[in-house]
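Since every read-out is calculated from the coordinates, none of them should be taken as a lab result. Since this is a predicted model, take the numbers as computed values, not measurements. Glycine gets a Cβ as well: all are built from the backbone with ideal geometry, and neighbour counts include every protein chain shown.
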Amino acid sequence: MENRVLRYFVEMAKVGNMSKAAEKLHVTQPTMSRQLKDLEYELKVKLFHRTNYNIRLTDEGVLFYNRAVDILNLVDKTKEEFIHKENSKSGNLFIGCPESDSIRYIARIIAMLRREGSRICAHLHSGNATDVLERLNKGLDDLVFTVHDIDDSKYHILDLHLLDNWGILLNKNHPLALKKTVSLEDLITEPLIVSKQAYERMFPLWFPNDQYLKLNISATYNLVYNGSLFAKEGLGVCLTFSKLISVDNDDILTFRPLSGVPKASLKLLWKKNRPLTPQASIFLEKLKQEMQFNQYD
């Protein structure tokens, strides 16, 4: 199985048309068709459903597409690392991170490096702890940030003590909007819009005796902006961090802090027994320096 064939497969899956995919990759259509048939024979599965009008993936094809994309991304990332190996001030830095106001400090570090002459290009992948750790383990990201506590000996873990406050987005006409802060007790009977990670990782800690299993969950989200739209439409109150959604000029939503729960602290993780790229090393060194001598607020 060659990388070239994987690129044929990925492009074919994206456009759903053999001729267009072949044209984009500057290969003849018969050659691409033959290579993809050979790939199916090698894997002993059917990857495509072919019709007179388009080509779409089978279930096995969808699984293989995800694997092929990861493989090609890792190949490209590895090539890039060696190309810029001698010039640590240039090249790509791959970072996984959550939705958090604290990420602005990460941007500040990168901006400092660029002002000092670095031409590092940062590539952010936003996701929950499961998503970003999976990419870190695959080698797709150099460093990842998370607001969740991770207890795993295969990672270096640096707690940055950059804190996020929990709270809820809710309609300005909601009775809870009359309070300066809300409590966990206030949420017990409310329809809740929550991130899956908060439900799985935080709720068991916040609600004793598995009370969280009895909560009225009306929706879960991966991106808080989408969660805020659900809140606007009256589906419930949306649990999130402060400052992620601006409500200053919002006619519908307001934000209320959640009391009685600990603040979330941003943590930086990278793999043990895996050398950092020069770009990641420079970033990490600058981050440690700035966090040591500066008190952010």
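Here are the numbers:
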{"quantity": "For the chain, the fraction of alpha-carbon pairs in successive 10 Å shells from zero, as %", "calculated": "5, 22, 23, 23, 19, 7, 1"}
{"quantity": "Where only C-alpha atoms are counted, convex hull volume of the range 215-296 per residue in Å³", "calculated": "191 Å³"}
{"quantity": "With 5 Å bins from 0: P(r) over the range 47-201, alpha-carbon pairs, percent", "calculated": "1, 7, 11, 13, 14, 14, 11, 10, 8, 6, 4, 1, 0"}
{"quantity": "For residue 93, residues with placed amide H under 5 Å, excluding near neighbours", "calculated": "121, 122, 123"}
{"quantity": "Long-range amide H partners of residue 99 with built H, under 5 Å", "calculated": "127"}
{"quantity": "Ranking of 207, 230, 94 by count of other Cβ atoms within 10 Å, fewest first", "calculated": "207, 230, 94"}
{"quantity": "Highest average packing first - 256-262, 12-18, Cβ atoms within 10 Å", "calculated": "12-18, 256-262"}
{"quantity": "³J(HN,Hα), Karplus 6.51/-1.76/1.60, whole Hz, each residue of the range 33-47, x for Gly, Pro", "calculated": "4, 5, 5, 6, 5, 5, 5, 4, 5, 5, 7, 6, 9, 8, 9"}
{"quantity": "Residue-wise HN-Hα coupling along the range 156-163, computed from phi with Karplus coefficients 6.51, -1.76, 1.60 (Hz; x: Gly, Pro)", "calculated": "7, 10, 10, 7, 8, 6, 9, 9"}
{"quantity": "From phi via Karplus (6.51, -1.76, 1.60), per-residue ³J(HN,Hα) for the range 104-120 in Hz, x at Gly/Pro", "calculated": "4, 6, 5, 4, 4, 5, 5, 4, 4, 4, 5, 5, 7, x, 6, 10, 5"}
{"quantity": "Kirkwood-based shape ratio for the range 166-262, expressed as Rg/Rh from alpha carbons", "calculated": "0.93"}
{"quantity": "Calculated SAXS-style log₁₀ I(q)/I(0) at q = 0.11 Å⁻¹ - the range 3-80, Debye, Cα scatterers", "calculated": "-0.26"}
